[in-house]
Amino acid sequence: MGSPLRYCLGAEFLYLPEQSDRAGELKLCWARIGSISLPQVKMTRSVDEIGEYDLQSLEHLDDVRIGDRYVKRQKEKDGRFVTVDEFCSQSLIDGIAREPEALSSTSRADFENLCAELFVRRGFKVDLFRPSKDGGIDFLAVQDERTDPIIFAVQCKQPDIREGKSRHSVGRPIVQQIYGAAKAWDLSGGIVVSGSTYSVEAKRFSEIKPTEMQLYSGADVLEWITRYRWNVDE
C-alpha cells in the first residue's frame, strides 16, 4: 500500500498492489475500496506502518474487501464473501471421473460449483458470486502470484437437455454477453465454460478476440477432472 496505485477495476473499485518483498509476512495481497469510502482511508502510509489494526479498521466499511494471497476460495453469502474449503464435493468429481457421461446430467448449480473448484485446482483464486448475480458473471478467476492481478470473468453454461438429444450448443449471444461484462468491468478477459459445445458463430466471435475471450467445452471440463481430480496442492 506504500507503492503507487497500479491497478483499477471498473469505475468504483480500486485495487491496491501487493508489496512482494513483504507479502509473505503480511499476507496481504490487495484491498478493494469503494469510491464512497475512499476519503475515509489513508493511503499514504508505508508498508512498515500497516498492521493488523489497519485491516480491522476497514471492516466497518461495507464496500471494502481485503484479499489474502493464501485464500483460494471465496463465496458470496448474504452480500459478503466468505472463505470456503471447497466449492463442490470430491464425490461429485470422483463420480464424473468414473462415469464421464454423468457430466451431461449435472445440474446447472452443480456444474457452476464444479467449474469454480476446477479453476482453483488449475491455479486460480476464485470469487464465486451468488446464483442470482446479474451481468452474466458467475465467478471471477484471479491470477496474482507474481504480477498485478489478472482477472477473468467466467460464465458457466449448462444448456437445457432435449429429450432423446444432446444439449443445445452455446450461441454467440452468450459469448458476447460475458465479453461485454468483462469489458465493462475493465477485466483481463472473459471465459465461457459449457457442458456442451459451441455454435460456429460463437467460435468465430472468440477467434476474433483470442487474447480476451476463451471458450471451454464439456470435453475440456472432463480433461480438467482427469488432470486435477486429486487436489495435491492442499
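The values are calculated or read from the model by the stated rules, or taken from the named source; none is laboratory data. Keep in mind the model is a prediction, meaning the values are calculated, not measured. Cβ: placed from backbone, ideal geometry, glycine included. Neighbour counts: every protein chain shown. In case anyone asks, the SASA skips ligands and DNA or RNA and just uses the protein heavy atoms, side chains included. Shrake-Rupley method; radii C 1.70, N 1.55, O 1.52, S 1.80 Å.
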Got at least one residue in segment 67-90 being at pLDDT below 85 and open to solvent by less than 20 Å² (accessible area, probe 1.4 Å)?
-> yes
Could you look through segment 206-223, keep only residues that are surrounded by 16 or more Cβ atoms within 10 Å (Cβ to Cβ) and among the hydroxyl-bearing types (Ser, Thr, Tyr), and pick out the one that is farthest from Gln177 (Cα to Cα)?
-> Ser217
Odd one out for Val82 among (1) touching a residue at least 40 places away in the same chain (Cβ under 8 Å); (2) not in a helix (DSSP H, G or I) | (1)
Ile96 being in a helix (DSSP H, G or I), in contact with a helix residue (DSSP H, G or I) (Cβ under 7 Å, 6 or more places away or on another chain), at pLDDT 55 or above and within 18 Å of Tyr216 (Cβ to Cβ) | yes
Test for Val221: is it β-branched (Val, Ile, Thr), in a helix (DSSP H, G or I), touching a residue at least 40 places away in the same chain (Cβ under 8 Å) and within 19 Å of Ile161 (Cα to Cα) = yes
Tally of residues being open to solvent by 20 Å² or more (accessible area, probe 1.4 Å) and modelled with pLDDT of 90 or more across segment 185-194 | 2
Counting only strands (runs of 3 or more DSSP E) wholly inside segment 116-175, the ones holding at least 1 residues that are modelled with pLDDT under 90 and either aromatic (Phe, Trp, Tyr) or open to solvent by less than 80 Å² (accessible area, probe 1.4 Å) (or both) are 139-143, 150-157
Could we say that Ile225 is of a type in the set (A, V, I, L, M) and modelled with pLDDT under 90 here?
-> no
Here are some conditions: (1) in a loop (DSSP other than H, G, I, E, B); (2) over 19 Å from the mean Cα position of the chain (by Cα); (3) farther than 20 Å from Ile225 by Cβ. Asp186 meets all but one. Which one does it not meet?
-> (2)
